[in-house]
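Only one structure is covered here, and it is reproduced in the block below.
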Amino acid sequence: MQTVTYFPSIEDINKASEILKGIASVTPLQRNIQYSNRFESNVFFKREDLQQVRSYKIRGSYNKIKSLSTHEIENGVVCASAGNHAQGVALSCNLLKIEGTIVMPEPTPQQKIDQVKMFGGNYIKIVLKGDTFDDSYHEAMLECERLNRTFIHPFDDEKIIEGQATVGLEIFEQSQEEIDYIFVPVGGGGLAAGLSTYFNQISPKTKIIGVEPLGAPSMSESIKNGKVTTLKQIEKFVDGAAVRRVGYKTFEICKEFLDNVITVHEGKICQTILDLYNKEAIVVEPAGALSIAALDHYAEEIKGKNVVCVVSGSNNDILRTPEIKERALLFASLKHYFIIKFPQRAGALREFVVDILGPSDDITHFQYTKKANRENDVAVVGIQLKSPKDLDPLITKMKLHNFFGDYLNDKPDLFQFLV
């Protein structure tokens, strides 16, 4: 028995789809050969990364702003975001000729600020406030009070949810076969809520799997606790899906209509980003890779099935590439950091390289300062291996020759300063 107090009807979603005609692209639903072969199934990508703002967020933003009253339109709108929602609101303001204020944290990369300016044109003002999203959100609320403006929530709003639900409508209309599984990224829950309610009404046999980053399982925790739960801390790497608290409306819908919510390690997400770029020439942001990275968790269940992965966005800063590579290598157990003890004698480093390292081991990080009056000096050394199986022999040789000081990968308090 349904217990949710609100969920978008088919009529609501169809209406949103009409409003979005000519505004949001009808993005392709593409069968992917590589992943279909790998999982012995039919895997399709719903390419929301191909939207003009490079994410699905334009759907909800425009649908919400378009629904405002004449009085609300005259007063303008406000949003708090450093990412895709900001771009969606900015473009909506430009298209509808409505004044908007976009509040972003001060550390927001210039690339994102420039994108928001470009989409918003003369209709938006950018305010940089605080160090975190919470700081920006607080400033946005003050801006709404000062100017009597309407706040455009990134996910916990009926019109936002209805707009995002049009992703589900398009998937259903584009698919030639009955869909068995849909994997959808979950941050605040707007997309998952909208899509899952559509399929619950039109194709209830389709299983909808929500996917969160391991370091920000806000929907998983809320469903487990039976109430909206605020996480004390989160890993912010998957910035498009890392929220401390999901929406109240989205929670009620997702707990009812999602068949499962799973988490994916950030390192696995990074490897998926690299695979998509190297093998498919597809650029995705971390949140955009979530649904595809989740397929391994369902490898047995999806064999022979029709599967859709929602590729939610492609706003990925190229400056993050070194970090993405690093996280992927760490997840694959190919990158390791050590404290190495070097005897204060000539030839110690050469001995380490020649006698300790394997033929395919590569030093990628070396930080060493020579100290006087010490028997041993220490260095922080990063080593990239060819295979995870090479780790134990490497540590054994380090200990045998008295070079081993400590292994840092499993010491998060120290490791955070290296990665």
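Can you list residues from other chains, or at least 5 along the same chain, whose modelled amide H is less than 5 Å from the amide H of PHE342?
Correct list: ASP377, VAL378, ALA379.
Is segment 71-140 rounded, prolate or oblate when judged by the Cα gyration tensor, a ≥ b ≥ c being the square roots of its eigenvalues, rounded requiring a/c under 1.5 and prolate requiring a/b larger than b/c? Each step should come with its number before you reach the end.
On the way: a/c = 2.43, a/b = 1.39, b/c = 1.75.
Taking the square roots of the gyration eigenvalues as a ≥ b ≥ c, segment 71-140 is oblate.
What shape does the chain have by the C-alpha gyration tensor, where a ≥ b ≥ c are the square roots of the eigenvalues, rounded means a/c under 1.5, and otherwise prolate means a/b greater than b/c and oblate the rest?
Prolate.
Do the sum for the chain: with -39,500 (n - 2.57) for every DSSP H run of n ≥ 4, divided by all residues, what is the mean residue ellipticity at 222 nm, to the nearest 500 deg cm²/dmol?
Values: 17 runs with 171 residues, N = 419.
Theoretical 222 nm ellipticity from helices: -12000 deg cm²/dmol.
Starting from the amide H of ILE234, placed 1.01 Å from N in the peptide plane, find each other amide H under 5 Å away whose residue is 5 or more places distant or on another chain.
none
So, in Å, what gap is there between the alpha-carbon centers of segment 296-365 and segment 157-227?
Here the two parts' Cα centres lie 32 Å apart.
Hey, can you rank 226-236, 324-334, 139-149 by average C-beta count inside 10 Å, highest first?
324-334, 139-149, 226-236
Peptides 216-222, 33-39: what's the order by average Cβ count within 10 Å, highest mean first?
The packing order, highest mean first, is 216-222, 33-39.
Could you sort the peptides 164-177, 17-30, 286-299 by per-residue average Cβ neighbour count (10 Å cutoff), highest mean leading?
Numbers: 164-177: 20.7, 17-30: 16.3, 286-299: 24.1.
Averaged packing, sorted descending, gives the order 286-299, 164-177, 17-30.
Reachable aspartates and glutamates from LYS46, Cα under 14 Å, same-chain residues fewer than 8 places away excluded?
GLU170, GLU173
Apply the a/c threshold of 1.5 to the C-alpha gyration tensor of segment 9-117 and tell me whether it is rounded, prolate or oblate.
Numbers: a/c = 3.08, a/b = 1.50, b/c = 2.06.
Taking the square roots of the gyration eigenvalues as a ≥ b ≥ c, segment 9-117 is oblate.
Beyond a 23 Å Cα-Cα separation, which of these cross-linked pairs lie in this structure: LYS325/LYS411; LYS207/LYS255; LYS268/LYS386; LYS66/LYS227? Intermediate values should be presented prior to the final figure.
Details: LYS325/LYS411 20 Å; LYS207/LYS255 13 Å; LYS268/LYS386 18 Å; LYS66/LYS227 31 Å.
Violating the 23 Å limit, Cα to Cα: LYS66/LYS227.
Taking amide H positions as placed 1.01 Å from N in the peptide plane, with prolines and chain starts having none, which residues 5 or more places from PHE44, or on another chain, fall under 5 Å of its amide H?
Correct list: ASN32, VAL307, VAL308, CYS309.
LYS125: which aspartates and glutamates have alpha carbons under 14 Å from its alpha carbon, excluding same-chain residues fewer than 8 sequence positions away?
The qualifying aspartates and glutamates are GLU99, ASP114, GLU139, GLU143.
Calculate one ³J(HN,Hα) per residue across segment 15-24 by plugging θ = phi - 60° into the Karplus curve 6.51 cos²θ - 1.76 cosθ + 1.60, and present them in order as whole Hz with x for glycine and proline.
Once θ is set to phi - 60°, the couplings for segment 15-24 become 5, 4, 4, 5, 4, 8, 4, x, 10, 9 Hz.
With θ taken as phi - 60° and the coefficients 6.51, -1.76 and 1.60, list the Karplus ³J(HN,Hα) couplings across segment 265-270 in order, rounded to whole Hz; mark glycine and proline as x.
4, 4, x, 5, 4, 4
A short reminder: the numbers here are calculations on the coordinates, not readings from a lab. These figures come from a predicted structure and were not determined experimentally. Cβ sites come from the backbone with ideal geometry, for glycine too, and all protein chains shown count toward neighbours.
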